[in-house]
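Here is the structure we will look at.
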Amino acid sequence: MTATIAAALTGLGLIDSTSFGTLLIPIWLLLSPGRLQASRIVVYLATVAVCYFGVGVVLVLGADAALAAMRTGTASLPPVPLRIGQLILGLLVIAWSYRLEARAARQAGTPGKIQRWREKAMSGSGSSRGLVQLALLAVALEVATMLPYLAAVGLIVHADLGWQLTGSTLAAYCVVMILPALALAAARLAAHQRVDPILRRVNDWLTRNSAKTLGWTVGGIGIGISLNAVAVLILERP
(Lines give C-alpha, C1' and ligand atoms only; values in the text may rest on other atoms or scores of the structure.)
Protein backbone atom coordinates (compact mmCIF):
# COMPACT_ATOMS: atom_id res chain seq x y z
CA MET A 1 0.00 0.00 0.00
CA THR A 2 1.36 3.41 -0.97
CA ALA A 3 1.52 6.39 1.36
CA THR A 4 -0.96 8.21 -0.88
CA ILE A 5 -3.58 5.48 -0.51
CA ALA A 6 -2.99 5.28 3.25
CA ALA A 7 -3.42 9.06 3.58
CA ALA A 8 -6.56 8.99 1.44
CA LEU A 9 -8.06 6.18 3.54
CA THR A 10 -7.23 8.04 6.75
CA GLY A 11 -8.92 11.18 5.45
CA LEU A 12 -12.01 9.26 4.37
CA GLY A 13 -12.11 7.50 7.73
CA LEU A 14 -12.03 10.83 9.56
CA ILE A 15 -14.85 12.11 7.35
CA ASP A 16 -16.85 8.98 8.19
CA SER A 17 -16.12 9.58 11.89
CA THR A 18 -18.34 12.69 11.81
CA SER A 19 -21.47 10.84 10.70
CA PHE A 20 -24.71 10.42 12.61
CA GLY A 21 -23.87 6.98 13.96
CA THR A 22 -20.18 7.47 14.67
CA LEU A 23 -20.25 10.89 16.36
CA LEU A 24 -23.66 12.48 16.91
CA ILE A 25 -25.22 9.52 18.71
CA PRO A 26 -22.07 8.96 20.85
CA ILE A 27 -22.12 12.64 21.88
CA TRP A 28 -25.79 12.27 22.82
CA LEU A 29 -24.95 9.18 24.89
CA LEU A 30 -22.07 11.00 26.60
CA LEU A 31 -24.47 13.78 27.58
CA SER A 32 -26.23 11.37 29.91
CA PRO A 33 -26.01 12.80 33.44
CA GLY A 34 -24.06 10.96 36.10
CA ARG A 35 -20.90 8.92 36.06
CA LEU A 36 -20.10 7.40 32.67
CA GLN A 37 -19.71 3.64 32.41
CA ALA A 38 -16.89 3.21 29.90
CA SER A 39 -18.03 -0.27 28.94
CA ARG A 40 -21.38 1.06 27.69
CA ILE A 41 -19.96 3.51 25.14
CA VAL A 42 -17.45 0.85 24.09
CA VAL A 43 -20.32 -1.59 23.45
CA TYR A 44 -22.02 0.93 21.17
CA LEU A 45 -18.89 1.97 19.25
CA ALA A 46 -17.62 -1.61 18.91
CA THR A 47 -20.97 -2.65 17.43
CA VAL A 48 -20.80 0.20 14.91
CA ALA A 49 -17.23 -0.70 13.93
CA VAL A 50 -18.00 -4.41 13.55
CA CYS A 51 -21.09 -3.66 11.45
CA TYR A 52 -19.14 -1.38 9.13
CA PHE A 53 -16.39 -3.98 8.87
CA GLY A 54 -18.98 -6.59 7.90
CA VAL A 55 -20.46 -4.29 5.26
CA GLY A 56 -16.96 -3.70 3.89
CA VAL A 57 -16.27 -7.42 3.65
CA VAL A 58 -19.54 -7.97 1.80
CA LEU A 59 -18.69 -5.18 -0.64
CA VAL A 60 -15.23 -6.57 -1.26
CA LEU A 61 -16.69 -10.01 -1.92
CA GLY A 62 -18.76 -8.61 -4.76
CA ALA A 63 -21.91 -7.05 -3.38
CA ASP A 64 -21.35 -4.24 -5.88
CA ALA A 65 -22.29 -6.71 -8.63
CA ALA A 66 -25.52 -7.51 -6.79
CA LEU A 67 -26.30 -3.81 -6.48
CA ALA A 68 -25.65 -3.36 -10.19
CA ALA A 69 -28.14 -6.16 -10.89
CA MET A 70 -30.70 -4.43 -8.67
CA ARG A 71 -30.19 -1.17 -10.55
CA THR A 72 -30.66 -3.03 -13.85
CA GLY A 73 -33.93 -4.47 -12.52
CA THR A 74 -35.28 -1.11 -11.43
CA ALA A 75 -34.22 0.41 -14.76
CA SER A 76 -37.09 -1.45 -16.43
CA LEU A 77 -39.62 0.39 -14.28
CA PRO A 78 -41.27 3.49 -15.80
CA PRO A 79 -39.11 6.41 -14.58
CA VAL A 80 -41.83 9.07 -14.29
CA PRO A 81 -44.21 7.12 -11.98
CA LEU A 82 -41.20 5.99 -9.95
CA ARG A 83 -40.04 9.57 -9.38
CA ILE A 84 -43.58 10.80 -8.70
CA GLY A 85 -43.83 8.14 -6.00
CA GLN A 86 -40.51 9.36 -4.60
CA LEU A 87 -41.81 12.94 -4.58
CA ILE A 88 -44.97 11.89 -2.73
CA LEU A 89 -42.82 10.02 -0.19
CA GLY A 90 -40.69 13.12 0.36
CA LEU A 91 -43.75 15.30 0.91
CA LEU A 92 -45.15 12.78 3.39
CA VAL A 93 -41.86 12.82 5.32
CA ILE A 94 -41.99 16.64 5.44
CA ALA A 95 -45.56 16.54 6.77
CA TRP A 96 -44.51 13.93 9.31
CA SER A 97 -41.70 16.21 10.52
CA TYR A 98 -44.24 18.89 11.49
CA ARG A 99 -46.26 16.35 13.43
CA LEU A 100 -43.15 15.07 15.23
CA GLU A 101 -42.08 18.62 16.10
CA ALA A 102 -45.53 19.49 17.46
CA ARG A 103 -45.64 16.35 19.60
CA ALA A 104 -42.11 16.94 20.91
CA ALA A 105 -43.01 20.55 21.73
CA ARG A 106 -45.96 19.39 23.84
CA GLN A 107 -43.63 17.13 25.80
CA ALA A 108 -40.91 19.77 26.25
CA GLY A 109 -39.65 20.26 29.79
CA THR A 110 -40.40 16.72 30.91
CA PRO A 111 -37.90 13.88 30.70
CA GLY A 112 -39.11 11.63 27.90
CA LYS A 113 -38.79 7.89 27.63
CA ILE A 114 -35.70 8.14 25.44
CA GLN A 115 -33.89 10.34 27.97
CA ARG A 116 -34.74 7.92 30.77
CA TRP A 117 -33.59 5.00 28.64
CA ARG A 118 -30.29 6.77 27.96
CA GLU A 119 -29.68 7.35 31.66
CA LYS A 120 -30.34 3.69 32.48
CA ALA A 121 -28.28 2.37 29.59
CA MET A 122 -25.24 4.57 30.22
CA SER A 123 -25.29 4.32 34.02
CA GLY A 124 -25.18 0.52 33.95
CA SER A 125 -28.58 0.03 35.57
CA GLY A 126 -30.14 -1.01 32.27
CA SER A 127 -29.35 -3.65 29.68
CA SER A 128 -26.62 -2.99 27.11
CA ARG A 129 -28.73 -4.79 24.49
CA GLY A 130 -30.49 -1.52 23.68
CA LEU A 131 -27.14 0.10 22.85
CA VAL A 132 -26.36 -2.72 20.42
CA GLN A 133 -29.78 -2.29 18.79
CA LEU A 134 -29.23 1.48 18.55
CA ALA A 135 -25.87 0.92 16.85
CA LEU A 136 -27.40 -1.55 14.38
CA LEU A 137 -30.17 0.92 13.56
CA ALA A 138 -27.70 3.78 13.05
CA VAL A 139 -25.57 1.73 10.63
CA ALA A 140 -28.66 0.50 8.77
CA LEU A 141 -29.86 4.08 8.28
CA GLU A 142 -26.45 5.22 7.03
CA VAL A 143 -25.77 2.38 4.59
CA ALA A 144 -27.44 4.19 1.69
CA THR A 145 -25.44 7.41 2.23
CA MET A 146 -21.99 6.14 3.27
CA LEU A 147 -20.20 7.58 0.24
CA PRO A 148 -16.79 8.01 1.96
CA TYR A 149 -16.87 4.37 3.04
CA LEU A 150 -17.78 3.21 -0.46
CA ALA A 151 -14.90 5.26 -1.84
CA ALA A 152 -12.54 3.75 0.75
CA VAL A 153 -13.62 0.21 -0.11
CA GLY A 154 -13.06 1.02 -3.78
CA LEU A 155 -9.52 2.20 -3.05
CA ILE A 156 -8.80 -0.95 -1.04
CA VAL A 157 -10.13 -3.24 -3.78
CA HIS A 158 -8.21 -1.51 -6.57
CA ALA A 159 -5.00 -1.57 -4.50
CA ASP A 160 -5.04 -5.40 -4.79
CA LEU A 161 -3.67 -5.92 -1.29
CA GLY A 162 -4.48 -9.58 -0.81
CA TRP A 163 -7.03 -10.97 1.62
CA GLN A 164 -5.07 -10.61 4.85
CA LEU A 165 -3.98 -7.02 4.22
CA THR A 166 -7.41 -6.11 2.87
CA GLY A 167 -9.06 -7.37 6.06
CA SER A 168 -6.60 -5.58 8.33
CA THR A 169 -6.95 -2.36 6.32
CA LEU A 170 -10.74 -2.50 6.59
CA ALA A 171 -10.44 -3.12 10.32
CA ALA A 172 -8.04 -0.18 10.74
CA TYR A 173 -10.41 2.05 8.76
CA CYS A 174 -13.31 1.14 11.04
CA VAL A 175 -11.17 1.94 14.09
CA VAL A 176 -10.35 5.38 12.65
CA MET A 177 -14.10 5.96 12.22
CA ILE A 178 -14.75 5.64 15.97
CA LEU A 179 -11.55 7.31 17.25
CA PRO A 180 -13.05 10.81 17.76
CA ALA A 181 -15.95 9.40 19.78
CA LEU A 182 -13.52 7.31 21.85
CA ALA A 183 -11.42 10.42 22.48
CA LEU A 184 -14.49 12.32 23.70
CA ALA A 185 -15.42 9.44 26.00
CA ALA A 186 -11.88 9.35 27.39
CA ALA A 187 -11.98 13.10 28.01
CA ARG A 188 -15.24 12.79 29.91
CA LEU A 189 -13.86 9.95 32.01
CA ALA A 190 -10.57 11.71 32.73
CA ALA A 191 -12.03 15.15 33.48
CA HIS A 192 -15.47 14.23 34.78
CA GLN A 193 -15.72 17.07 37.31
CA ARG A 194 -14.75 19.75 34.79
CA VAL A 195 -16.48 18.36 31.73
CA ASP A 196 -19.75 17.22 33.30
CA PRO A 197 -21.13 20.75 34.05
CA ILE A 198 -20.50 21.77 30.45
CA LEU A 199 -22.18 18.64 29.15
CA ARG A 200 -25.14 19.24 31.46
CA ARG A 201 -25.64 22.73 30.03
CA VAL A 202 -25.41 21.37 26.49
CA ASN A 203 -27.83 18.60 27.41
CA ASP A 204 -30.32 21.11 28.85
CA TRP A 205 -30.09 23.20 25.68
CA LEU A 206 -30.64 20.16 23.47
CA THR A 207 -33.60 19.10 25.60
CA ARG A 208 -35.22 22.54 25.30
CA ASN A 209 -34.64 22.65 21.54
CA SER A 210 -35.16 18.96 20.78
CA ALA A 211 -38.52 19.62 19.13
CA LYS A 212 -37.07 21.98 16.53
CA THR A 213 -34.01 19.79 16.01
CA LEU A 214 -36.16 16.73 15.41
CA GLY A 215 -38.41 18.59 13.01
CA TRP A 216 -35.50 20.07 11.05
CA THR A 217 -33.72 16.73 10.79
CA VAL A 218 -36.71 14.72 9.55
CA GLY A 219 -37.90 17.60 7.40
CA GLY A 220 -34.46 17.92 5.83
CA ILE A 221 -34.56 14.27 4.82
CA GLY A 222 -37.96 14.79 3.21
CA ILE A 223 -36.77 17.90 1.38
CA GLY A 224 -33.76 16.01 0.04
CA ILE A 225 -35.95 13.16 -1.24
CA SER A 226 -38.38 15.60 -2.85
CA LEU A 227 -35.72 17.78 -4.51
CA ASN A 228 -33.98 14.73 -5.93
CA ALA A 229 -37.24 13.51 -7.45
CA VAL A 230 -38.03 16.94 -8.94
CA ALA A 231 -34.52 17.32 -10.37
CA VAL A 232 -34.62 13.90 -12.04
CA LEU A 233 -38.11 14.55 -13.45
CA ILE A 234 -36.92 17.84 -14.96
CA LEU A 235 -33.69 16.43 -16.37
CA GLU A 236 -35.34 13.31 -17.81
CA ARG A 237 -38.25 15.23 -19.35
CA PRO A 238 -38.35 14.57 -23.11
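Residues checked against (1) closer than 20 Å to residue 32 by Cα; (2) surrounded by 15 or more Cβ atoms within 10 Å (Cβ to Cβ); (3) modelled with pLDDT of 65 or more; (4) of a type in the set (Lys, Arg):
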| position | (1), (2), (3), (4) |
| --- | --- |
| 72 | no, no, no, no |
| 81 | no, no, yes, no |
| 88 | no, no, yes, no |
| 102 | no, no, yes, no |
| 115 | yes, yes, no, no |
| 133 | yes, no, yes, no |
| 139 | no, yes, yes, no |
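Conditions tested, residue by residue: (1) at pLDDT 85 or above; (2) outside any helix (DSSP H, G or I); (3) among the acidic types (Asp, Glu); (4) surrounded by 18 or more Cβ atoms within 10 Å (Cβ to Cβ).
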{"position": "166", "(1), (2), (3), (4)": "yes, no, no, yes"}
{"position": "169", "(1), (2), (3), (4)": "yes, no, no, yes"}
{"position": "174", "(1), (2), (3), (4)": "yes, no, no, yes"}
{"position": "177", "(1), (2), (3), (4)": "yes, no, no, yes"}
{"position": "180", "(1), (2), (3), (4)": "yes, no, no, no"}
{"position": "197", "(1), (2), (3), (4)": "no, no, no, no"}
{"position": "207", "(1), (2), (3), (4)": "no, no, no, no"}
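How many residues are aliphatic (A, V, I, L, M) and in a loop (DSSP other than H, G, I, E, B) if we restrict to segment 12-35?
Selection size over segment 12-35: 1.
Considering only segment 12-31, state which residues are more than 18 Å from residue 42 (Cβ to Cβ) and among the aromatic types (Phe, Trp, Tyr).
Residue satisfying the conditions is 20 alone.
May I ask you to list the residues in segment 1-26 that are under 23 Å from residue 201 (Cβ atoms) and at pLDDT 80 or above?
26
Identify all residues within segment 147-164 that are surrounded by 18 or more Cβ atoms within 10 Å (Cβ to Cβ), under 17 Å from residue 62 (Cα atoms) and under 15 Å from the mean Cα position of the chain (by Cα); write none if there are none.
149
Please indicate, with yes or no, whether at least one residue in segment 40-49 is modelled with pLDDT under 80 and among the aliphatic types (A, V, I, L, M).
Within segment 40-49 (the criterion being modelled with pLDDT under 80 and among the aliphatic types (A, V, I, L, M)), the answer is no, since none of the residues qualifies.
Counting just the residues of segment 1-24 that are over 23 Å from residue 140 (Cβ atoms) and of a type in the set (Gly, Ala, Ser), which one comes out surrounded by the fewest Cβ atoms within 10 Å (Cβ to Cβ)?
Across segment 1-24, the extreme among qualifying residues is 3.
The values are calculated or read from the model by the stated rules, or taken from the named source; none is laboratory data. Small disclaimer: the values here were computed from a predicted structure and weren't measured. Every residue, glycine among them, receives a Cβ derived from its backbone with ideal geometry; neighbour counts consider all protein chains shown.
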